[in-house]
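Asks: My questions will all concern the structure given below.
The values are calculated or read from the model by the stated rules, or taken from the named source; none is laboratory data. The shown structure was predicted, so the numbers you read here are calculated from the model rather than taken from an experiment. Here the Cβ positions follow ideal geometry from the backbone for every residue, glycine too, while neighbour counts run over all protein chains shown. In case anyone asks, the SASA skips ligands and DNA or RNA and just uses the protein heavy atoms, side chains included. Shrake-Rupley method; radii C 1.70, N 1.55, O 1.52, S 1.80 Å.
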Amino acid sequence: MGLRRRVEITIQRRDLTVTQAGQPPIVERCAVCNCEVNLLPVELAAKAAGVTPRTLYRWVEQNRVHFRELGDGTVLICENSLLRP
């Protein structure tokens, strides 16, 4: 008698869209993931990730999130990188 195996595949998809009232999102191509994404200011990205802005700055220093630093020192976080495990 032949053996039967059962394979179960689970696919999980998470989408995140964060905006701030009165401000249109900044949509640009992320240099790391090469996708058109919302680039979020640190404070808004921290709220979306459920962490403090300080924790998010630590993630930036550790390259755990994709980011872009503007000439005036403003740091913008790639929204897609907040979804990575």
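Asks: For residue 83 and residue 5 in the same chain, what is the full-extension length gain: residue separation times 0.36 nm, less their Cα-Cα distance, in nm?
Replies: Numbers: separation 78, 0.36 × 78 = 28.08 nm, distance 3.28 nm.
Between residue 83 and residue 5, full extension yields an extra 24.8 nm.
Asks: In the neighborhood of residue 51, defined by Cβ-to-Cβ distances under 12 Å, what is the net charge if each Lys or Arg adds +1 and each Asp or Glu adds -1?
Replies: The answer is +3.
Asks: Then there's this: Given a 1.4 Å probe, how much area per residue of region 34-76 is accessible, in Å²? Intermediate values should be presented prior to the final figure.
Replies: Numbers: 2540 Å² over 43 residues.
I get 59 Å² per residue for this part.
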